[in-house]
Amino acid sequence: MTTSRIPLTHAIVPMLLLTSGMCAMAAPTAEQQLRQQQLRDTMYYYFDTGITDKFDESNKALMDYCLSINDMDAYYNGWYNRIIFELNQSNIFQAYKQALAMSRDMREKKQEDYYYVATGALGLIYADCNNLEGARQCFIDAVEQLTEQKKTDELSPLYMDLAYITFDKYPEEALQWADKAFLLSKDESTMCDASAFRGMLEFKQNNTKDFLENYKKYKELEAKGMTSIYGKYIEIYYACYQHNYERARELAYEITSPLDRYEFVRNTYEHQGDSVRAYRVLRRQMELTDSLNSIILTDNLKGISNEMEMAEVKQSESRHRIIALTIGIIAAMLMILALTYNIYNRRKFTKRLEQGHQKLQEAYDQLEETTTVKERIESELRIARDIQMSMVPSRFPQRKGLDLFASMTPAREVGGDLYDYMLQGDRLYFCVGDVSGKGVPASLFMAQAIRLFRALAKQRLMPSQITTRINDELTENNENGMFVTMFIALADLTNGHLWFCNAGHNPPVLGGDSLNGSFINMESNAPIGLWPGLEYVGEEIDSIMNRPLFVYTDGLNEAENTQQQQFGDNHLLEILQHTPFESSEQVINHLKYEVERHRDGAVPNDDMTMLCLRIDKTLNDNQ
């Protein structure tokens, strides 16, 4: 099983709830602690719900109160949570600005002992930008700063952060960091996190014995009332170990992050050996990643250059203040040794921030260049979409007794869905297909499939023969492993007899039965393009006369709303059963409306294609 990246769960981390009394500050009184807890609970609530204005208000109230009672530990913890909240909202640049503001505040308030907090925050920002090497170095720097201050009690959460970011690339190192966190932790909560995390690492490396030992430790601590942010993930792995894949997927669907949810669902299918479903989930995951990246890119490019210039001016002013202060100190010759040590630490930290600032500047410059290229590509893709849409029929037969209509809506400029038909006398060939992936590669594969369907239909072959021949052609030199699911059919318009072959496609709905519509039970054929030499099995229905036939792609039944809830097979069937048939076009337009209503503003996650037809017995009456 290809184990997923451990999600960076931006929970409110207790990393900064220091136990040592820094700067000889008095501990808050019981009354002050109660008030802090009330403010903190309010902030936690709005943190979890993601309501930005309410979180801002509660976070400011908590920080202001902590500052008023001189509790700098809780004050900077609140600021750290502000940064994490911005990252959860994909406001990467805003999070970076907050990290700079926090470090500046530390300098102004002469709280140099807290520099490791800002360093750790920068590590989180790097991790969110997928710069795991930069994140790793930041956390190592924070560990060194704490070690220099002899505050080893605070190292366990940092070790867990290091274990997370090295999980994929350096699993052995990740295990060492998790072991250190486990050995240093003095509370069972951190031990619970470390045990669950170590168990996941052992599962990734197929060390079943060690995985089960860590799972046992985790369950023992859970029985004592401890919880872990990695608890759901190790339970998914344990269900996979027991081959209880339905349970594993139930747990995976409970994950709030859609990217992580897709990742774990895909891994359960891979572990089960269901490569087709795993690939379909991977396709959804890639589409969602592209969509999120586009949104994040747009939000974070805005105003970056101006912000960078402001940050540079502020840092320049800060350096001048340090120089002036140093000259004053030298002139006064007071406390030269202690202040020199403090200035050295401040400069070392400023240098680190400058290096991170430079790296981000370079990254954003690249993003600006990428945006220009992206706009040119989008223009070319719009032209490609017009070409692709011209490949599928936009006009349908005007023949008495035959009602045929189809629609294709790509999720991007170009897509991988297809439909086609060919009328030869009283014989109607038609097909609907869905190519793996999206974008230009899928559209090219789609064009090949349509070309082959038309060429073979002209030879008056049966649907199973057409499917077999298309598979032979598309598996040849298919180095990218692309495939297409297709429903290919041939209808005799004189008597309604239907021959069809289904190649891994969604089952169509056939109306006119006692239930007013049911999914067709079909032979389980493989998708086209995966394996050469397959002989596809064809099937027949005696007559579909006066019975509407509805064929579609999974962009319909798997359409998601803003809560990632799918439209669903049952909902689709229910709508078709309760929609009086007026025309094929009316059925398709009604379903488009229902899908848009279900999405409720969500961005389409897949191409959506529908084809509906009905053969009327009046065709024979007018021969």
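The values are calculated or read from the model by the stated rules, or taken from the named source; none is laboratory data. Just so it is clear, the model here is predicted, and its values are computed rather than measured. Cβ sites come from the backbone with ideal geometry, for glycine too, and all protein chains shown count toward neighbours. With ligands, DNA and RNA removed, areas are computed over all heavy atoms of the protein, side chains included. Shrake-Rupley method; radii C 1.70, N 1.55, O 1.52, S 1.80 Å.
For this structure, a couple of remarks:
- The range 201-226 residues that are among the hydroxyl-bearing types (Ser, Thr, Tyr), paired with ones that are open to solvent by 30 Å² or more (accessible area, probe 1.4 Å) (beta carbon under 6 Å, 6 or more apart): 215/238
- Residue within the range 462-470 that is outside any strand (DSSP E or B), of a type in the set (Gly, Ala, Ser) and modelled with pLDDT of 95 or more present: yes
- For the range 220-235, the set of residues classified as over 29 Å from the mean Cα position of the chain (by Cα), more than 18 Å from residue 160 (Cα to Cα) and assigned to a helix (DSSP H, G or I) consists of 220, 223, listed by residue number.
- Residues in the range 477-501 that are open to solvent by less than 50 Å² (accessible area, probe 1.4 Å) and aromatic (Phe, Trp, Tyr) were compared, and the one that is modelled with the lowest pLDDT is 483.
- Inspection of the range 557-570 identifies at least one residue that is farther than 18 Å from residue 405 by Cα and touching a residue at least 60 places away in the same chain (Cβ under 8 Å).
- Meets criteria (within 22 Å of the chain's Cα centre (by Cα), surrounded by 21 or more Cβ atoms within 10 Å (Cβ to Cβ) and charged (D, E, K, R)) for residue 600: no
- Count of residues meeting criterion [closer than 20 Å to residue 100 by Cα and open to solvent by 50 Å² or more (accessible area, probe 1.4 Å)] in the range 145-172: 0
- The number of residues in the range 76-104 being open to solvent by 10 Å² or more (accessible area, probe 1.4 Å) and among the small types (Gly, Ala, Ser) comes to 2.
- Yes/no for residue 523 being open to solvent by 50 Å² or more (accessible area, probe 1.4 Å), farther than 28 Å from residue 572 by Cα and free of Cβ contacts under 8 Å to residues at least 60 places away in the same chain: no
- When the helices (runs of 4 or more DSSP H) confined to the range 557-623 are screened for residues that are touching a strand residue (DSSP E or B) at 6+ places or on another chain (Cβ under 8 Å) and closer than 24 Å to residue 490 by Cα, those reaching at least 3 such residues are found at 584-599.
- Of the criteria (1) over 27 Å from residue 401 (Cα atoms); (2) touching a His at 6+ places or on another chain (Cβ under 9 Å); (3) touching a residue at least 60 places away in the same chain (Cβ under 8 Å), which one residue 551 fails: (1)
- Every residue from the range 425-456 that is of a type in the set (S, T, N, Q) and either modelled with pLDDT of 85 or more or in a helix (DSSP H, G or I) (or both): 443, 448
- Single residue of 474, 452 found to be open to solvent by less than 20 Å² (accessible area, probe 1.4 Å), touching a strand residue (DSSP E or B) at 6+ places or on another chain (Cβ under 7 Å) and either closer than 27 Å to residue 399 by Cα or touching a residue at least 24 places away in the same chain (Cβ under 8 Å) (or both): 474
To keep it simple, each residue is scored yes or no on (1) small (Gly, Ala, Ser); (2) assigned to a helix (DSSP H, G or I); (3) closer than 25 Å to residue 241 by Cβ.
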site	(1), (2), (3)
100	no, yes, no
106	no, yes, no
110	no, no, no
142	yes, yes, no
147	no, yes, no
163	yes, yes, yes
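- Residue tally, condition part of a helix (DSSP H, G or I) and open to solvent by 40 Å² or more (accessible area, probe 1.4 Å), over the range 25-56: 19
- One residue from 277, 249 being open to solvent by 40 Å² or more (accessible area, probe 1.4 Å) and either at pLDDT 75 or above or of a type in the set (Gly, Ala, Ser) (or both): 277
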